[in-house]
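Take a look at the structure set out below.
Any read-out appearing in this document is the output of simple, stated calculations on the displayed coordinates, not a laboratory observation. These numbers come from a predicted model, not from an experiment. Heads up, the Cβs are rebuilt from the backbone with ideal geometry, glycines too, and the neighbour counts pull from every protein chain shown.
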Amino acid sequence: MTDRSGSDGTLSVGLAQIRIDAGEVDRNVDRACRVIGDAADRGVDLVALPEIFTVGYFAFDRYERCAEPLDGETMTRLSAAAAEHDVAVLAGSIVENLAATDGVETPADEGLANTAVLFDAAGDRQLVYRKHHLFGYESAESDLLVPGERIETATIEGVTVGVSTCYDLRFPALYRRLVDDGAELVLVPSAWPYPRIEHWETLSRARAIENQCYVATINGSGAFDDATLLGRSTVYDPWGVVRASSGDEPTLVTAEIDLEAVEGVRSEFPALGDRRLS
């Protein structure tokens, strides 16, 4: 991790809204590695990938077959890509085989989890986040996966970063916890489908406004048998203003995270200090 004293207080982020093909792990990871290189060439400090970008969130019948441990091929490749290109990488999320993961605390001895890993620019693992809130409405996620228990932050180029995943956006207490732990930027890898565009935009903006931090939502692109991802990966600043966004096609969204903006908003409008409930 980089010490804040060596940073100028800014972080360039790239949201990798890649196309995701159901069950095509090698193809999807190849795309992820290419976009990491492209983002680094554009001067990005941190590249973030979407939720279940390896298998495809809606490919529930492929989860067990395509599950991997945290030291499996996908995370090994992404760690190497981070080091090769000298760029931090949020490995959006994969389907993790908990029984096969070694050396990292897990919420259960067996089963599957929706797991994101944050690597620094040396390729070293800085944070593991397993999705806490599992979607049950017309989804098999809550039946197939084990919910996460740990909430962590990490420092990348002087910015304190937290992670949540997709459906977590509907649960504000998680974001309060991240802010209490120092988060200035929350990355939200997602697989948000049509038609819930208003929910996607409103919830993300609300989490930024109420926590006076940057929120960056990273969605995928592509269609599955019963769902189409709506894209619209977006960076919201601490006022809830959109700093960069996209449509629903594959793209790389870039924006600058400015710590002075976080500090300025919290100083000018110190609502976080007026809380009476925790």
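Computed quantities for the displayed model
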quantity: Principal axes of the range 144-227: Cα extent on each, largest first, Å; calculated: 41, 28, 25
quantity: Fraction of antiparallel bridges per DSSP, the chain only, in percent to nearest 5; calculated: 65
quantity: Virtual spin-label span in nm between F269 and V242, 7 Å along Cα→Cβ; calculated: 1.8
quantity: Built amide H within the under 5 Å cut-off of G123, gap 5+; calculated: A83
quantity: Inter-site label distance for A80 and D143 at 7 Å from Cα along Cβ, in nm; calculated: 3.7
quantity: Relative contact order, percent, the range 101-168 [alpha-carbon distance under 8 Å, six or more residues apart]; calculated: 30
quantity: Chymotrypsin sites (Phe, Trp or Tyr not before Pro) lying in DSSP loop within the range 122-189, provided at most 15 other Cβ fall within 10 Å; calculated: Y137
quantity: Rg [Å, one decimal], Dmax [Å, integer] - the range 73-180, C-alpha atoms; calculated: 14.2, 41
quantity: Under Karplus coefficients 6.51, -1.76 and 1.60, residue-wise ³J(HN,Hα) of the range 37-45 in Hz, glycine/proline x; calculated: x, 4, 5, 4, 4, 8, x, 6, 8
quantity: With at most 15 other Cβ atoms within 10 Å, longest stretch of the chain clear of loop trypsin sites (Lys or Arg not before Pro) (DSSP); calculated: 43-149
quantity: Two-decimal Rg to Rh for the chain - Kirkwood Rh, Cα set; calculated: 0.94
